[in-house]
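Remarks on the structure that follows.
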């Protein structure tokens, strides 16, 4: 049976993805501090830039930071907590 079939049946397994609300919480836990820190550090420097350029700059830094640096350890911690709670 393929991992996506296991997840589709609702049966718990090591390859089952986190529920959407858990994923949303994990993403928020990574996004909020990232955007807060980047805003605090960069917005004074980018104050005169047009809003679309400021937003593009912040997201060019925030998205890779969240996806490649912050989310993997959060997902591992969530998986460990899920396994220990069974």
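Just so it is clear, none of the values below were taken in a lab; they were calculated from the coordinates. Small disclaimer: the values here were computed from a predicted structure and weren't measured.
In whole percent, what relative contact order does region 15-84 give with Cα contacts below 8 Å and a gap of six or more residues? Intermediate results must be reported in sequence, preceding the final value.
Numbers: 21 pairs, mean separation 30.8, N = 70.
Dividing the mean separation by the residue count of region 15-84 yields 44 percent.
Quote the Stokes-Einstein diffusion coefficient, in whole µm² s⁻¹, for region 15-84, based on the Kirkwood radius over alpha carbon pairs, a temperature of 10 °C and a viscosity of 1.306 mPa s. Kindly include the intermediate steps, with their values, before the conclusion.
Details: Rh = 13.5 Å.
Answer from the Stokes-Einstein relation: 118 µm²/s.
Using 0.36 nm per residue and subtracting the Cα-Cα separation, the extra length available between residue 29 and residue 57 on full extension is 8.0 nm.
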